[in-house]
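What follows is a set of notes on a single structure, which appears directly below.
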Amino acid sequence: MAAGRRVVVTGTGVVCALGLNAVECWTALREGRSGIAPILATDVSELRFQSGAEVRGFRAENHFEGTRCDLIDRFAQFAVVAARQAVCEAGLDLRARDAAARGRMAVVTGTSMGGQTSLDRGFVAIYKEGRPRPHPFTIPLTMYNAGASQISMDLGITGPAFTVSTACASATHAIGQAYWMVRSGAVESALCGGSEAPFSPGILRAWEAMRVVSPEACHPFSRDRRGLTLGEGGAMLMLETLDGALARGARVLGEVVGFGMSADAGHVTQPSVEGPAAAMAMAMQDAGIEATQVEYINAHGTGTQANDATETRAIRQVFGSHADRLAVSSTKSMHGHALGAGGAIEAFATLMALREGVLPPTVNYTESDPECDLDVVPNVARQRQAGFALSNSFAFGGLNAVLAFKRWGKD
Amino acid sequence: MDEALAAKVISEIAAVKRIPVESVTLDSTFEELAMDSLDAMNLLFALEEHLGISIPDEAANSIKDVRSTVAGVERILAEKSEAGS
């Protein structure tokens, strides 16, 4: 186990297909309610898929004043709103803090596609409508660091702020990096997570062309699974040192205890067993825990044939016979695959599972698959007080990231 | 000065800043209107789009108030019309 300070979560913020805040999202997760529905953002009648996990009822004007709406792509809007929620839940008044304190706080965000929806709109103007130029805000709207930048500006955070982009593992890499920075003493606290908003015509076409999106409901780990369902949203965690949190009387929601990552160094889209297994093993080693102490894994569980079978084999390789005593669920069956935000929404789900003693289910589970012979908590949430849990994220390009969490109050 | 063009520039500024059109006058400076460099860029884009003109970067850097914007646009429109005639 790496030496360092203990790091706890004191605030969470979530905006996803399951709701516009943490309470709404957790309620849906524990009730096994899916946010997947017909896509409304753009015309998808010609696509091979029509369903997505869109955020409903989110209006930028309700969160950003005047012209600021024009300068923030939807993906960065989700990042800022989730960050505000996390800070609010943590009971922090950042503007009231002195400059030095705000300089010892980090912002690390993840996103897979950044503001490509804005770029897509700009390209339509140039290539389709024949206009001479896209909107002049296209660059600041599109830049991947917009989430981190907008959070720092919005909350007055002046410490290290940057963005990690590792496709579907972006948010998990971001949280892991922030966790290590707080643990090492590089900063005292960090806002970290991810956000994504991929529902634009060009992006949807690109995903369609990859033939990984399910034409129907996403059902991870089921034998008849046919692919992933795209999602959008943002989630942020407020991390701080345990000592710092206790000193200011903050409520502790859970503890981050380990982070592991690896690269498959293999195929660009075909996952390997070894890479994910190495990342899980490294997360547990980093946490100083044994495989047998882990009771729940929030799986990457995309619902593609390749991922779910390979992830099952990776879990069996790492956990051996203990794999039969683990609960493993894919909450993507409810909030969709929110790409660079996915790991943050799932870290939230994992944290809440430990805190509430309820394991969120894999919904739409229809048929068992010998290739995915794990206890996937089918369809209905389960009361189980787990002590340690992992949250897995595995990206296209073979980049893997795994976080380890510990229930607050566990000895 | 072309009154209609002045009214057009004023309404574009009001739209970009999301403020009432009455709050913008020919004598308003960008500073008074709290127009920062991004707002100015947005204004020029709107004027280019809606008037079918191209505003060079040097001209974009020189405008600091409503009157000089109208004058600059007027000049570009005149040049365009001469070139076309």
A correct fewest-to-most ranking of A:346, A:216 by other Cβ atoms within 10 Å would be A:216, A:346
Order these by the 10 Å Cβ neighbour count, fewest first: A:311, A:367. A:367, A:311
Dividing the alpha-carbon radius of gyration of segment A:258-406 by 2.2 N^0.38 Å, where N counts its residues, gives 0.92
Can you work out the FRET efficiency for the pair residue B:50 and residue A:158, with r the C-beta to C-beta distance and R0 = 41 Å, to the nearest 0.05? 0.55
Can you give the angle from 0 to 90° between the axis of helix B:66-84 and the longest principal axis of chain B, with both taken from C-alpha atoms, to the nearest 10? 20 degrees
Anyone know which of A:248, A:205, A:56 comes out most mobile in the 10 Å Cα GNM of chain A? A:248
Only Cα pairs under 8 Å and at least 6 apart count here; give the relative contact order of segment A:7-247 as a rounded whole percent. 31 percent
Over all viewing directions the Cα convex hull of the protein assembly as shown casts an average projected area in nm² of 25.3 nm²
With springs connecting C-alpha atoms under 10 Å apart, model chain A as a Gaussian network and identify which of A:54, A:295, A:240 has the largest mean-square fluctuation. A:295
Within the set of other residues whose C-beta is less than 14 Å from the C-beta of residue A:366, count the net charge using Lys and Arg as +1 and Asp and Glu as -1. -2
Neighbour-count ranking for A:118, A:262, A:391, B:68 (other C-beta within 10 angstrom, fewest to most) reads B:68, A:262, A:118, A:391
Label model pair residue A:247, residue B:1: point-to-point distance (7 angstrom along the Cα→beta-carbon line) in nm is 5.9 nm
Over segment A:255-411, what is the relative contact order in percent, taking alpha-carbon pairs closer than 8 angstrom and at least six residues apart? 35 percent
Mean-square fluctuation maximum in Gaussian network of chain B, Cα pairs under 10 Å, restricted to B:65, B:39, B:27, hits B:27
Leaving out same-chain residues fewer than 8 places away, which lysines sit with a Cα under 27 Å from that of residue B:8? B:17, B:64, B:80
Which aspartates and glutamates, on any chain, are close to residue A:410 with Cα under 15 Å apart, when same-chain ones fewer than 8 places away are left out? A:255, A:295, A:356
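Placing unit charges on C-beta atoms (Lys and Arg positive, Asp and Glu negative, everything else neutral), compute the dipole magnitude of the protein assembly as shown about its Cα centre in debye, rounded to 20.
Values: 43 positive and 57 negative charges, 285 e Å.
With Lys and Arg at +1 and Asp and Glu at -1, about 1360 debye.
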Going by a ≥ b ≥ c, the root eigenvalues of the Cα gyration tensor, does segment B:3-84 fall in the rounded group (a/c under 1.5), the prolate group (a/b larger than b/c) or the oblate group? prolate
Amide H neighbours of residue A:255 under 5 Å, at least 5 residues apart or on other chains, H built in the peptide plane: list them. A:9, A:406, A:408
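First obtain the Kirkwood hydrodynamic radius of segment A:123-262 from its Cα pairs, then insert it into the Stokes-Einstein equation at 37 °C and 0.692 mPa s, and state the resulting D in µm² per second as a whole number. Please list the in-between numbers first.
Values: Rh = 18.3 Å.
Rounded to a whole number, D works out at 180 µm²/s.
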Can you give me the distance in nm between label points at residue A:56 and residue A:70, each placed 7 Å from the Cα along the Cα-to-Cβ direction? 3.2 nm
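Within a Cβ distance under 15 Å of residue A:297, other residues only, what is the Lys/Arg minus Asp/Glu net charge? Don't jump to the answer; show the numbers that get you there.
Details: positive: A:313, A:316, A:325, A:332, A:382, A:384, A:406, A:407; negative: A:290, A:295, A:308, A:311, A:324, A:346, A:373, A:375.
Summing Lys and Arg as +1 and Asp and Glu as -1 gives 0.
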Span-like helices, chain A: DSSP H, alpha-carbon axial extent 18 Å or more, mean Kyte-Doolittle -1.0 or greater, which ones? A:74-89, A:170-184, A:274-287, A:305-319, A:342-356
Among the lysines, select those whose C-alpha is under 17 Å from the C-alpha of residue A:128, and discard any that sit fewer than 8 residues away in the same chain. none
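No value in this document is a laboratory result; all are computed from the given coordinates. As the structure is a prediction and not an experimental result, all values here were calculated from the model. So basically every Cβ, Gly included, is an ideal-geometry build from the backbone, and we count neighbours across all protein chains shown.
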